[in-house]
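Contents: one structure, followed by commentary.
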Amino acid sequence: MADWFASWREGRIGFHEGRPNAYLERHAGRLGAGRRVLVPLCGKAEDLAYLASLGHQVVGVELVEDAVRAFFAEHGLAPAVTPHGPFTAYRAGAITVLAGDVFATTAALLGPVDAFYDRAALIALPADTRPRYVAHLRGLFPAGARGLVVTLEYPEERMEGPPYSVTEAEVRGLYAGAEVELLDAAEARSGKCRELGIPATVKCFYNRL
């Protein structure tokens with residue numbers, strides 16, 4: 001957690017794309033219409049605004065409150081800021097972002113959510129934390145909830161994450177019992193792996209719980 005705060009404090013946020021994610025743009029329709037979409041470890045991603053522009057209600061969760069404030073400031077939004085259990089809630093229009101630990105979320109705190117989008121959460125977590133994270137996430141949703149999960153695969157001996165390499169087999173194992181469909185796969189064209197010359201593949205999955 002300390003590393004995550006340090007990354008934001010020192011501006012080491014290469015994971016921030018600065019525009020809607022290409023896989024989200026391509027496959028957002030798989031989430032359905034008018035959903036309430038959870039975006040864990042959202043940072044200040046443009047994806048929040050993009051999902052809202054499609055007519056969804058969006059609930060982000062981000063540990064670093066400076067990132068939450070930056071999102072609203074960069075979009076010219078003046079959010080209502082209120083305590084919300086162990087979180088501080090920032091709300092403006094269709095977007096709510098909870099500043100705090102994703103593992104502290106509960107169904108009661110979130111309210112009903114029926115879709116999720118995970119671009120940078122699963123791959124930000126070490127291997128021993130990922131099963132707990134996915135189990136926690138799945139416990140927040142009703143059966144049939146839809147999600148998009150974007151992962152990164154690379155030779156683990158070439159780099160120490162984050163971002164961590166998460167294989168397709170691991171995704172299918174973590175989401176055992178759910179429908180898991182590989183929608184897209186392509187060479188990573190940006191990010192830490194690209195900078196270090198490490199071959200990497202980005203994959204996008206559709207998951208139905």
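As a proxy for reagent exposure, ranking Val39, Val180 by other Cβ atoms within 10 Å from fewest up yields Val180, Val39. Note on Ala107 and Ala127: the model spin-label points, each 7 Å out from Cα along the C-beta direction, lie 3.3 nm apart. Residues within the reach of a label modelled at Arg26 (point 7 angstrom out along Cα to beta-carbon, backbone nitrogen below 16 Å), restricted to region 140-183, are 148-153, 181-183. For region 41-88, the alpha carbon positions stretch 29, 20, 19 Å along the principal axes, listed from largest to smallest.
Applying a 10 Å radius around every beta-carbon, put 21-29, 147-155 in order of their mean neighbour count, most first.
147-155, 21-29
Computed over the chain, relative contact order equals 18 percent, with contacts defined as Cα pairs under 8 Å that lie 6+ residues apart.
Divided by 2.2 N^0.38 Å, where N counts the residues, the Cα radius of gyration of the chain comes to 0.96. What the Cβ-Cβ distance of Glu179 and Glu74 gives, at R0 = 41 Å and to the nearest 0.05, is a FRET efficiency of 0.70.
Since every read-out is calculated from the coordinates, none of them should be taken as a lab result. Since this is a predicted model, take the numbers as computed values, not measurements. Counting neighbours? That spans all protein chains shown, and the Cβs are built from the backbone with ideal geometry, glycine included.
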